[in-house]
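Just below is one structure, and these are the notes that go with it.
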Amino acid sequence: MSMFRGSSFPGKSVTLSAPAKINLHLEVLGLRSDGFHELAMVMQSIELVDQLEMIRSDSDLISLSSDDSSLSNDDDNLIIQAAKLLRSRAGSSDLGAEIYLRKCIPIGAGLAGGSSDGAAALVGLNLLWDLNFSNEYLVDLASELGSDVPFCVEGGTKFCFGRGERLEPVESSMTNMAVLLVKDPSVSVSTPWAYRRFREINEKKYLKFEDDFQLRRKELREAKWLKPLSVENPPPLRNDLQLIVSEEVVAVQNALAILLDLPGAISVAMSGSGPSCFALFANLDAARSALEFSRKRLQSAGLESWACSMRNEGVKLES
Ligand code: C5P
């Protein structure tokens, strides 16, 4: 039931779903002059979603509440950052909104939950405040909020180059495929730590020049394993951060070991900087059967789990 039903606010309202992502491919190419890493990724949206309800307020207050007491509702939340950025670009400091977040995507998990919430705030408030900014402009704004936020606006299956903000289409017919996702709820991984650690170990092997980055991007665009992605031609999965994170985080080792044992699992990897890990399945029934098969083992390892299908879009307006 909507939290706004019966509310004293008579304003316009919108509800959006904000999906999680997994990395089918995460390759670290080198270091950029801005200190970030130059990446070549293939990201995929999945049907594990947060929900945001927004109501236009007649004051200039932007407020956030949620069903997750561990989350900050202040300026360090990407939803608030997105709202303030959008409002400042609109040049109307009197715009306000009341936002309610229903959190389902685990936090600090490598699933871009926070980034997707920020993306949903941009898309939702653009509608709620009647700003009419183009999707292209919202994607540009998204890159100011974080490297994964542009992908979360667009969603589906995409190459994410540069810091992660340069999106290109990937041919895919994986819609029927599914994932079994697992995460230890007591563990989260700091993304800056994961990249720092990766750099300490691998910097000597980094590509150095823009020409080299360009060549690698071209190779990926033309790679056979991407032509097109489908159940007959599933992605092999690669995550350069997996080895260094799993060396330090036992929960990732456990998760990968259990997933590798599952009947019907096509391939297995960590997502983003972890600690979430996932196995790919031909369809949702296969993922659900694997979940049933391994439920006891997952529980005794302290892992939470979700079986969910692929999603071919990012943030979506629900009502
Ligand atoms: O952009 P975002 O805020 O998600 O990045 C979090 C951190 O992850 C950055 O501060 C940086 O340490 C690391 N990172 C990186 N290269 C990228 C993306 C993220 O080094 N392309």
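The values are calculated or read from the model by the stated rules, or taken from the named source; none is laboratory data. Fair warning: this is a prediction, and the values are worked out from it, not measured in the lab. Note that we place each Cβ from the backbone using ideal geometry, even for glycine, and neighbour counts take in every protein chain shown. For the accessible areas, the whole protein counts, side chains as well, though only heavy atoms, and no ligand, DNA or RNA atoms are used. Shrake-Rupley method; radii C 1.70, N 1.55, O 1.52, S 1.80 Å.
From the helices alone, meaning DSSP H stretches of at least four residues, give me the mean residue ellipticity at 222 nm for the chain, per-run term -39500 (n - 2.57), in deg cm²/dmol to the nearest 500.
The helix contribution divided over the chain gives -10000 deg cm²/dmol.
Could you list the square roots of 5 times each eigenvalue of the Cα gyration tensor of the chain, that is, the equivalent ellipsoid semi-axes, sorted largest first and rounded to whole Å?
32, 24, 18
Could you provide, to the nearest whole Å², the per residue accessible area of region 86-166 with probe 1.4 Å?
32
Output the relative contact order of region 13-171, whole-number percent, from Cα pairs under 8 angstrom with separation of 6+ residues.
29 percent.
Run the accessible area of the chain with a 1.4 Å probe and give the carbon-and-sulfur part as a rounded percent.
Carbon and sulfur together cover 48 percent of it.
Can you tell me what share of the DSSP beta bridges in the chain is antiparallel? A percent to the nearest 5 is fine.
Within the chain, antiparallel bridges account for around 85 percent of the total.
Per residue, what accessible area does region 178-311 have, given a 1.4 Å probe and all protein chains present, in Å²?
51
Which is farthest toward the positive dipole end of the chain among Thr15, Tyr100, Pro150, measuring Cα position about the Cα centre, with Cβ charges +1 (Lys, Arg) and -1 (Asp, Glu)?
In the chain, that residue is Pro150.
Just check region 241-319 against the gyration tensor rule for me: Cα atoms, a ≥ b ≥ c as the square roots of the eigenvalues, rounded for a/c under 1.5, and otherwise prolate or oblate depending on whether a/b exceeds b/c.
oblate
Would you please give the FRET efficiency between Lys204 and Glu248, computed as 1/(1 + (r/R0)^6) with r the Cβ-Cβ distance and R0 = 25 Å, to the nearest 0.05?
0.75
I want to verify a result. In a Gaussian network model of the chain, Cα cutoff 10 Å, which of these has the top mean-square fluctuation: Asp75, Asp130, Asp140?
The residue with the greatest mean-square fluctuation here is Asp130.
Let me have the relative contact order for the chain, percent, based on Cα pairs under 8 Å that are six or more residues apart.
Averaging sequence separation for qualifying contacts and normalising by length gives 25 percent for the chain.
Taking 19 Å as the cut-off for C-alpha to C-alpha distance, list the pairs among Lys21/Lys183; Lys183/Lys296; Lys21/Lys205; Lys158/Lys316 that go past it.
As for pairs spanning more than 19 Å Cα to Cα, those are Lys21/Lys205.
Which order do Lys158, Lys204 take by accessible area at a 1.4 Å probe, largest first?
Result of the area sort, largest leading: Lys204, Lys158.
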